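Participant: My questions all concern the structure below.
The values are calculated or read from the model by the stated rules, or taken from the named source; none is laboratory data. Note that the structure is predicted; figures quoted are calculated from it, not measured. All Cβ positions, even for glycine, are placed from backbone atoms using ideal geometry, and neighbour counts span all protein chains on display. In case anyone asks, the SASA skips ligands and DNA or RNA and just uses the protein heavy atoms, side chains included. Shrake-Rupley method; radii C 1.70, N 1.55, O 1.52, S 1.80 Å.
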Amino acid sequence: MTARRPMIAGNWKMNAGPDALHVIEEMVEALTPLSDQVDCLICPPATILAGARSLTKGKPVRLGGQDCHHKTSGPHTGCLSADMLRAAGAEAVILGHSERRTDHAESDALVQAKTAAAGEAGLAPIVCVGETLAQRQAGQAEATVAAQITASVPERAPEGLVLAYEPVWAIGTGLTPSLEEIIAMHRAARQALARRCGAAAADATRILYGGSVKPDNAAAILSLPEVDGALVGGASLETKSFLAIVRAHPMLSRFGSA
Ligand code: PGA
């Protein structure tokens, strides 16, 4: 098995106040000494990517986008291509987040096209999958996620592909699956990925957990060998809580938890 480098990614969603660049500056400073062991990624709104890039230049902290169009250019009002995100400073892009699947009716097929486009532009795609509460209660969680993986990930896995397992019912709710449920799902997700893209690609792909990751549950979740990191929403908006989550990774225990 490949040793996969852990990743902690912050998804800022549609949040960036007037002090947003100051927060990024603070985060870059705090995360830089931790980035030897763990990839730290901040995904702010695209409007501040270029400004943020001037703060991450020469630093190990990376930037990502939250969505991209599947085409490279054209009459698509309000959209951004993967190349544009990359030019603005992104090295990765979150795709198929459940909020986009719900608010913008994004299908698995569209997510797959976006994932391929991101890969072609040299962005690492972070493909999100996850079941609803009704699907979990019906015993369909693993089948749902496996089907999403099959349909959302191109057969030829793009370079740097990351998968994020985010149960829809855990996003922004303070609820999380049990550790046993996370283990079982991450194993099932890797198997589905192996069926789709081959064993080597599946082995190399980081699978993050996302959904109400907080400083107080991060250590338990991040210490699971099946979990290669976290995709963090609300708790990534403030330096203190994001830093506490990164520091909770077992690779960084020497940095203490304060
Ligand atoms: P949350 O969001 O950490 O606020 O639950 C996670 C996500 O949506 O990526």
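Participant: Could you give the longest part of the chain that holds none of the trypsin sites (Lys or Arg not before Pro) found in DSSP loops with at most 16 neighbouring Cβ atoms within 10 Å?
Facilitator: 157-258
Participant: Suppose we look only past 31 Å in the calculated P(r) of the chain. What percent of the Cα-Cα pairs does that tail hold?
Facilitator: Of all Cα-Cα pairs in the chain, 17 percent lie more than 31 Å apart.
Participant: For the range 125-258, take every pair of Cα atoms, bin their distances at 5 Å starting from 0, and report each bin as a whole percent.
Facilitator: With 5 Å bins starting at 0, P(r) equals 2, 11, 21, 22, 19, 14, 8, 3, 0.
Participant: Still on this structure, please answer the following. Per residue of the range 156-164, in order, report the coupling 6.51 cos²θ - 1.76 cosθ + 1.60 (Karplus, θ = phi - 60°) as ³J(HN,Hα) in whole Hz, putting x for Gly and Pro.
Facilitator: Values, residue by residue: 9, 4, x, 3, x, 3, 10, 10, 10 Hz.
Participant: From the C-alpha coordinates alone, can you work out the Kirkwood hydrodynamic radius of the range 62-195, in Å?
Facilitator: After inverting the pairwise mean of 1/r, the radius is 15.2 Å.
Participant: Size of the dipole of the range 92-184 about the Cα centre, Lys and Arg at +1 and Asp and Glu at -1 on the beta carbon, nothing else charged, in debye to 20?
Facilitator: 120 debye
Participant: Next up: Would you work out which of MET251, ALA199, SER212 lies farthest towards the positive end of the dipole of the range 169-258? Charges go on Cβ: Lys and Arg +1, Asp and Glu -1.
Facilitator: Projecting each Cα onto the dipole axis, the largest value belongs to ALA199.
Participant: What does the convex hull of the Cα atoms come to per residue for the range 3-131, in Å³?
Facilitator: 123 Å³
Participant: While we're on this one: Within the chain, what whole-number % of the accessible surface is contributed by carbon and sulfur, with the 1.4 Å probe and all protein chains included in the calculation?
Facilitator: About 54 percent, which is the carbon plus sulfur part of the accessible surface.
Participant: For the range 198-258, what D do you get in µm² per second when you plug the Kirkwood radius from alpha-carbon pairs into Stokes-Einstein at 25 °C and 0.890 mPa s?
Facilitator: Value of D from the Cα-based Kirkwood radius: 203 µm²/s.
Participant: Can you find, among LEU123, VAL28, MET14, the residue sitting farthest towards the positive end of the charge dipole of the chain, where Lys and Arg contribute +1 and Asp and Glu -1 at Cβ?
Facilitator: LEU123
Participant: Listed here are the pairs LYS114/LYS240; LYS114/LYS214; LYS59/LYS240; LYS13/LYS214; which of them are more than 21 Å apart at the Cα?
Facilitator: Listed pairs above 21 Å: LYS114/LYS240; LYS114/LYS214.
Participant: Using the Cα centre as the reference, give the magnitude of the dipole from point charges on the C-beta atoms of the chain (Lys, Arg: +1; Asp, Glu: -1; all else neutral), rounded to the nearest 20 debye.
Facilitator: 320 debye
Participant: Which residue, GLY58, GLN148, LEU85, has the largest displacement toward the positive end of the dipole of the chain when charges sit on each Cβ (Lys, Arg +1; Asp, Glu -1)?
Facilitator: Looking along the dipole axis, the top candidate is GLY58.
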